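Some notes on the structure that comes next.
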Amino acid sequence: MTQLILEQALNGLQFGLMLFLIAAGLTLVFGIMDMIHLSHGSLYMGGAYLGAAAAQASGSFLVGLSAAVLGMAVIGVLLETAVLRHFYRRDHLAQVLATFALILISNDLVRMIWGPQPLLLNPPEALAGPIELFGFSYPAYRLLIIAVGLGIALALYWLIGHTRAGMWVRAGAANRAMAEALGVDVRRLFTGLFALGAALAALAGVLLGPLLAVQVGMGENILILAFVVIVIGGIGSIRGALVGSLLVGIVDTLGRALLPTLLRAVAPADVASQLGPALASIAIYLLMAGVLFWRPAGLFPARA
Amino acid sequence: MSRKIPFEPLLWGAALAMPWLLDSLGEAYYIGFATRVLIFALAATSLNFVVGYGGLVAFGHAAFFGLGAYVVALAMQAGLSSAWLAWPLAMALAALTAFAIGLVSLRTRGVYFIMITLAFAQMIYYTVVSFKLAGGEDGLPLAQRSTLAPFDLAEDATLYWVALGLLAASLYGLKRLAASRFGHALAGVRQNPLRMEALGYPVRALQLACFVIGAAVAGLAGALLANQNGMASPAMLYWTQSGLLLVMVILGGVGHRYGGLFGAAALLGLEEALALFTEHSHLYVGLALLAVISFAPAGLAGLAGKRRRG
């Protein structure tokens, strides 16, 4: 039992860190530009597809990963300057419509280029097997994901907390008008940020590719989870996104693994077998509703 | 629309004659499509009441839409096929759910309100999908259409006219509601909640009432769609459905009486027409939406004329 819990906790950590890669970019888009960006999930999907295609063509996972990250950063810049920039000053409804349209467009573009069948993405061969860890075996590839996720989280912490650009970002999130008045070029800063967000989403897409299916619609599922994360953490806060991601990743994974078993101890088997999965899948939404109820601005509000 | 053209009678006359027209053209297949447009128009109109009149950007309307469908399907499974009972039940459950959700959600505003309504709708989606009784991922088929004596809903044209009648009744009802004391108070809340609060209006109760009314009508639309599709499916509850309804409202015209109808007709019509030519109709639909929102910020109704909030 403890082994199961430990293994699932590691899985939760791994999933949470991947969510963080997606949520980090999204929370800054929300926080600084006050923009509802529904197509962030499409950047994640685009990254996974680019990565899978490049990995298949070159036979190397690492080439696929680099192609996806660089490719999506470029696409992110193009998207921001050509389309999204024009919607920052519009109301939330216009942003919902525009970015929903982008989802429709990107889903069909992917279908046009790669067809309706899911793509296969294999983990690098050296990491395909399990590793002995504290007396139980755990997939090496998942460990790599955890390591990369932790590394990126540290790098972002340094970037946002200890560099000049990061200071501008924090200033923009706290009070954009004031930051602009003090001479921060929020427009240019934001194009850069958007590229970074797109690259991180692509990185998550490629890393999760071998574990989840690379298929059309993958972005829609993960997008809502990312929303839950940034609302729990507080819109515009990177630290909030990290805490929120880990909370959501661990609650979701542990809930799915343990709730059905736990319920079986207190309720009849047939009730437990239906109620367990239902409770497990709504657990994170309950968490979010609870946070919003008691802390309406999230756990780490960024707004000054 | 200029004053000389009797726009509304023409619209309703054409809608009323649609089944005969399609039948005589030998295109009876499109009666089902036209019914779908009317049903989505009803759902979008109900959302437009919440967004355009109440000023509440709700991103979870699919929950009420889908619940309406599931109530009809579950009632049918339990042996209750009468629309006179099942449809009001669908509306009541949607309204009750909206009451509970609204009670919590209306404590937040802005982006947070959008997100919390989205979260609640996803909760309902996952709850319904997890229950075997409701058919899980496969959805729940209807053994037959609801019975609505003295009408025979098994006839496609009858279902069309019933949907048309309900849409007309809802549009009329919402128009009267907007013109009532409640409607004026709601308009005040939309424009300046703080001032209305200071004037002694129960702001949150007004918003909650608006949210619940919109949900009830969405439940009715869901009940109709279950009949049209012959099933209640999880896709009706998923967040992309909420997004689609919201897109219809914005496309048609937020706060315009016919915004929901225009939006539903334009979006579904475009999709259907493009599907004749290309497999990738969504690509062009998306581009069209981007064009509309860039060049016609007030939606299609705004293009047609300046008759706002009529």
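Values as computed for the structure displayed
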{"read-out": "Distance from the range A:236-258 to the range A:67-125 (C-alpha centre basis), Å", "value": "25 Å"}
{"read-out": "CD proxy at 222 nm, helix term only [per DSSP H run n ≥ 4: -39500 (n - 2.57); per residue of the protein assembly as shown; nearest 500]", "value": "-25000 deg cm²/dmol"}
{"read-out": "Centroid-to-centroid separation of the range B:213-279 and the range B:134-164 [C-alpha atoms, Å]", "value": "17 Å"}
{"read-out": "Surface/4 of the Cα convex hull for chain A, nm²", "value": "17.3 nm²"}
{"read-out": "Residue-level accessible surface for residue A:87, protein heavy atoms, 1.4 Å, Å²", "value": "10 Å²"}
{"read-out": "For residue A:90, solvent-accessible area (1.4 Å; no DNA, RNA or ligand), Å²", "value": "70 Å²"}
{"read-out": "Karplus 3J(HN,Hα) series, Hz, for the range A:244-261 with 6.51 cos²θ - 1.76 cosθ + 1.60 (x for Gly, Pro)", "value": "x, 4, 5, 4, 5, x, 6, 4, 5, 5, 5, x, 5, 7, 9, 4, x, 5"}
{"read-out": "Mean shadow area of chain B, taken as a quarter of the surface of its Cα convex hull (nm²)", "value": "16.9 nm²"}
{"read-out": "Proportion of all alpha-carbon pairs of the protein assembly as shown beyond 39 Å (%)", "value": "31 percent"}
{"read-out": "Choice from B:66, B:32, B:286 with maximal GNM fluctuation in chain B (Cα, 10 Å cutoff)", "value": "B:286"}
{"read-out": "With DNA, RNA and ligands ignored, accessible area of residue B:12 (1.4 Å probe; Å², nearest 10)", "value": "70 Å²"}
{"read-out": "Protein accessible area in the protein assembly as shown, 1.4 Å probe - carbon and sulfur %", "value": "67 percent"}
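The values are calculated or read from the model by the stated rules, or taken from the named source; none is laboratory data. Computed from a predicted model, the values in this text were never measured in an experiment. The protein model used for the area step is the full one, side chains on, heavy atoms only, and it has no ligands, DNA or RNA in it. Shrake-Rupley method; radii C 1.70, N 1.55, O 1.52, S 1.80 Å.
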